[in-house]
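The values are calculated or read from the model by the stated rules, or taken from the named source; none is laboratory data. A quick note: this is a predicted structure, and the numbers were derived from the prediction, not measured. Quick reminder, even Gly has a Cβ in these numbers, built from the backbone with ideal geometry, and neighbours come from all protein chains shown. Ligands, DNA and RNA are stripped out before the accessible areas are found, and what is left, the full protein with its side chains, is counted by its heavy atoms. Shrake-Rupley method; radii C 1.70, N 1.55, O 1.52, S 1.80 Å.
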Amino acid sequence: MAKDRPFKDKMMSRAPAGYWMTQDIKATPQRFVDPEDALQSIIEGLQVQKNRDKLKAYIYSGIPVSTIAETMALTGYAENQFNPDVAEIIKPALNMILTDIAVEDDFMGPFRLAPQPTYQEDIDEVELENTMMNLMEEENPQLAKLMQMKQDEDEQEELKVREEEIVKRQQKANSPAPTGGFITRDEESV
């Protein structure tokens, strides 16, 4: 009977394979579609002492809490536990749960909530310079005053150079454009 139908009708009768993830025979729907259910499942998994101790070890070793939460959400999606929308929705709650686990047992050591910024080296350098300057002001105030004067002179010189660049740009922008066209006088005579 299928041979009697025109080819055009066969194409429109169903979506192509892979059009929806559930269209494939092997694909199964996600286990959780409600963010609360997904979060409750994760919390139940963290109630197991072995999992909780492993998680604390990761946090105390310096892995940021937000990175662990993102990894847990991505893993849940990869294992088809929930869809990507649920994974994004539960991330803030996961951050709070993981932070709570990190501070339980009256742990007073440092742990990171977020990864270090990419410009952390610049921040560290400025902090070191400030610390050195404060120490110099205490131990050798005359040298500290000379260093401060030198820094001020350098900043003034840099500001002066910037101002000159701005003035040059403004003059260039305000200067009238040549009206001779694109052909020069030498080319006209040829």
Requested in this report: Hey, can you tell me all the residues within the stretch 31-50 that are open to solvent by 50 Å² or more (accessible area, probe 1.4 Å), closer than 17 Å to ASP85 by Cβ and aliphatic (A, V, I, L, M)?
Outcome: VAL33
Query raised in the report: Does the stretch 37-48 contain at least one residue that is charged (D, E, K, R), within 19 Å of MET96 (Cβ to Cβ) and either out of contact with any Leu (no Cβ under 8 Å at 6 or more places or on another chain) or assigned to a helix (DSSP H, G or I) (or both)?
Result: yes
Query raised in the report: Of these, GLU164, GLU137, GLU158, which one is without any contact (Cβ under 8 Å) to a residue 24 or more places away in the chain, in contact with a Lys or Arg (Cβ under 9 Å, 6 or more places away or on another chain) and over 30 Å from SER66 (Cα atoms)?
Result: GLU137
**Report entry** Subset tally (residues that are part of a loop (DSSP other than H, G, I, E, B) and open to solvent by less than 70 Å² (accessible area, probe 1.4 Å)) for the stretch 59-83
**Finding:** 6
